[in-house]
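Visitor: Once you've had a glance at the structure underneath, I'll fire off some questions.
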Amino acid sequence: DYARPCVTRPGSRIHARRLERITKVVLSWSDSYLLGLPGDYLAAREDDLTDLYIIKQNIFEKTYEPAPFTE
């Protein structure tokens with residue numbers, strides 16, 4: 001299974017996948033990291049797939065919706 005495109009309401013596109021286990025994203029510009037829990041989402045901007053971040057489940061469900069599938 002792959003991450004699927006999603007759209008902000010309204011705004012730019014991201015790719016996101018729901019986390020199934022605890023996940024740590026190390027920030028390239030800092031010594032800190034982001035921590036995602038099962039149910040949260042790992043996301044990346046469509047225009048920069050190296051820009052990874054975590055979106056908490058309750059925030060994701062309020063601010064994103066699936067985008068129409070495009071190839």
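Visitor: How would you order 24-34, 39-49 from highest to lowest mean count of nearby Cβ atoms within 10 Å?
Guide: Going by the mean number of other Cβ atoms within 10 Å, highest first, we get 39-49, 24-34.
Visitor: When all C-alpha to C-alpha distances in the chain are sorted into bins of 5 Å, what percent of pairs does each bin hold, rounded to whole numbers?
Guide: 4, 17, 27, 26, 18, 8, 1, 0
Visitor: Could you provide, to the nearest whole Å², the per residue accessible area of the chain with probe 1.4 Å?
Guide: Details: 5360 Å² over 71 residues.
With all protein chains present, the chain gives 75 Å² per residue.
Visitor: Near residue 28, within a Cβ-to-Cβ distance under 13 Å, what is the net charge of the other residues, with Lys and Arg +1 and Asp and Glu -1?
Guide: Result for the local shell: -3.
Visitor: Given a 1.4 angstrom probe, I'd like the percentage of the accessible area of the chain that is carbon and sulfur, rounded to a whole number.
Guide: Working: 2900 of 5360 Å².
Its accessible area is 54 percent carbon and sulfur atoms.
Visitor: If you put +1 on each Lys and Arg Cβ and -1 on each Asp and Glu Cβ, how big is the dipole of the chain around its Cα centre, in Debye rounded to 20?
Guide: Here the size comes out at about 240 debye.
Visitor: Something else about it: What list of ³J(HN,Hα) values in whole Hz, one per residue of region 50-57 in order, does the Karplus curve 6.51 cos²θ - 1.76 cosθ + 1.60 (θ = phi - 60°) give from phi, with Gly and Pro shown as x?
Guide: 7, 8, 8, 7, 9, 10, 4, 3
The values are calculated or read from the model by the stated rules, or taken from the named source; none is laboratory data. Quick caveat, the model's predicted, so the values are computed rather than measured. Methodologically, a virtual Cβ is constructed for each residue, glycine included, from the backbone with ideal geometry; neighbour enumeration extends over all protein chains shown. SASA here: full protein model, heavy atoms, side chains in, ligands and nucleic acids out. Shrake-Rupley method; radii C 1.70, N 1.55, O 1.52, S 1.80 Å.
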